[in-house]
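Structure, as structure tokens:
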């Protein structure tokens, strides 16, 4: 097979690199590369891959580098596949290391160490009136989603409001940059790697273009702040327009949030206060106990 050498898995902001450095280097290097400028020599046609992102990235390299002739239409199906691969590959090629994302990652954990009452006041103050307004405005959608997925409208509107104040604060960070940086960093590489893969698949499938794939500093996307791997696994095209759009489509974002909770064990018609099965499911939404408590408490007031 073709041999290629890949150095410096993720370049610093403003740096440049050769065609495939970041792609296979990031996939095979990970945090090792950050520590010692990992040098990987990969036989792309015969490489034995250990995880999904490496398989996916190597497929992108093979498809777009070795078979460009297919992209011009000898096979419509192949052309679509390779066009998607090219979009995803280009997104990863352009990824740049963000020092700001790493700084935020190091201090963000302190936000969840507040006293519960202080945290609850901070996250829910002024939320009651707009929450009730959203419940009224989108009553039919909330009712249909609750009927299909079994998650109460009060829980869904609480998550929507607490996460982004109903889309007002979704973040404007490049999601691919953020997730590539966090995958490349050593602290939680294994956690963020599947979400980087998810971001590439979102671009590949044209659910969102790279220009709109912007979010919070940990790579969360849309009005209820889905990480990209969860976007791929649980996002729903509820309005039927052919896209899973959690940035602009209220039906999609509500159904997707409900689908995520149901997929993690939410039981329809059951309570969701502390000590219940459904409260435990909220841990899958956010691992911070005070966040789970805040969702359950505020939803119960609605």
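Observations on the model:
- On full extension, the segment bounded by residue 301 and residue 168 gains 45.6 nm, given 0.36 nm per residue less the C-alpha separation.
- The order of the peptides 232-238, 286-292, 194-200, 133-139 by mean Cβ neighbours within 10 Å, most packed first, is 194-200, 232-238, 286-292, 133-139.
- Sorting 131, 125, 256 by the number of Cβ atoms found within 10 Å of their own Cβ, with the fewest placed first, yields 125, 131, 256.
- Residue exposure sequence - 124, 257, 158, 301 - by fewest surrounding Cβ within 10 Å: 301, 124, 158, 257
- The stretch 141-163 residues near the modelled residue 125 label - backbone nitrogen below 11 Å, point 7 Å along Cα→Cβ: none
- Contour excess over end-to-end distance, with Cα ends at residue 102 and residue 148 and 0.36 nm allotted per residue: 12.6 nm
- Per-peptide average of other Cβ atoms within 10 Å, ordering 218-226, 241-249 highest first: 218-226, 241-249
Read-outs: derived from the displayed coordinates by stated rules, not from any lab. Predicted, not measured: the structure shown is a model, and the values here were computed from it. All Cβ positions, glycine included, derive from the backbone under ideal geometry; neighbour counts span all protein chains shown.
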